[in-house]
Amino acid sequence: MEQATKQTIDYIDYRAIKKTKISEGKILIRPLTKKDLYQTINWLKDPQINKFLASNFNDLTYEKELEWLKEMKSSLIDFVFGIEDIKLKKYIGNCGIHKVDWENKICEFGIIIGDKNYWGKNFGTDTIKAIIKLAFKKLNLQKIRLFVYEYNDRAINAYKKCGFKIKDILIKDHLFENYYWNTLEMEIINENV
Ligand SMILES: CC(C)(COP(=O)(O)OP(=O)(O)OC[C@H]1O[C@@H](n2cnc3c(N)ncnc32)[C@H](O)[C@@H]1OP(=O)(O)O)[C@@H](O)C(=O)NCCC(=O)NCCS
């Protein structure tokens, strides 16, 4: 088993994957850059976006975010990207594959379309499709999982449209506005692995 794991890890060209650009419908995903981080911080702190995220990011600074980006660039289990409106070449959000378990070929997925003018216009769905391509075709993973709060209908709809299924419901798992909400665990399986 150890040997099988090592072979898989050796096969991945991390540098190439981290530089990958994938276009899908109305979006392009491309490597996240230092320049993007000022905008990223504003998005992460925006209460209308932050209510859907796992961390409050209250004390986030540019220095901390830069440190995070450096970690991501050297990590063997994380791949982060900026999302662009392909037509306008405009930076509109971030997405990433995280916590890759190379032995079991499982990863977690995260996304924010930070520019709220772009919500509900299929940019998220196109991005999720691009990430599925990356995870299943380039990284040869067999499962992507994610966690989403039950009040995030827009996200749940977008995930379902892309083939994610609800795997588990974590009951009263998240406190928001004085109420304990369920968290959904969703997953999509690569049938070709
Ligand atoms: C979640 C997110 C990535 C989805 O991307 P998006 O571009 O807004 O979503 P899409 O337009 O691709 O798809 C959304 C679907 O939900 C529907 N929808 C839109 N607004 C909705 C709302 N307020 N309530 C319920 N459904 C809604 C859309 O109609 C669409 O489904 P349809 O095409 O079948 O009609 C994006 O909204 C976002 O980044 N939100 C903030 C951060 C976040 O929630 N991240 C995910 C954390 S798990």
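The values are calculated or read from the model by the stated rules, or taken from the named source; none is laboratory data. Computed from a prediction, not measured in an experiment: that's the story for all the values here. Cβ coordinates were reconstructed from backbone atoms using ideal geometry, including for glycine residues, and neighbour counts include every protein chain displayed.
Structure summary
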read-out: Leu184 being away from the ligand (no atom under 15 Å from the Cβ) and buried (at least 18 other Cβ atoms within 10 Å of the Cβ); value: no
read-out: Any hit, segment 53-61, residues being modelled with pLDDT of 95 or more, under 15 Å from the mean Cα position of the chain (by Cα) and not small (Gly, Ala, Ser); value: yes
read-out: Unmet criterion (only one of (1) touching a helix residue (DSSP H, G or I) at 6+ places or on another chain (Cβ under 6 Å); (2) in contact (Cβ under 8 Å) with a residue 40 or more places away in the chain; (3) surrounded by 20 or more Cβ atoms within 10 Å (Cβ to Cβ)) for Thr127; value: (1)
read-out: Selection from segment 111-160 of residues that are within 16 Å of Glu84 (Cα to Cα), within 7 Å of the ligand (Cβ to nearest atom) and out of contact with any strand residue (DSSP E or B) (no Cβ under 7 Å at 6 or more places or on another chain); value: Gly120, Lys121, Asn122, Thr125
read-out: Total residues in segment 26-73, condition within 16 Å of Lys116 (Cα to Cα) and aromatic (Phe, Trp, Tyr); value: 2
read-out: Residue pairs meeting the criteria (Cβ under 8 Å; at least 6 apart or on separate chains; first loosely packed, with under 11 Cβ neighbours inside 10 Å, in segment 31-53; second assigned to a helix (DSSP H, G or I) and of a type outside the set (Phe, Trp, Tyr)); value: Gln48/Lys116
read-out: Total residues in segment 64-110, condition outside any strand (DSSP E or B) and within 16 Å of the ligand (Cβ to nearest atom); value: 3
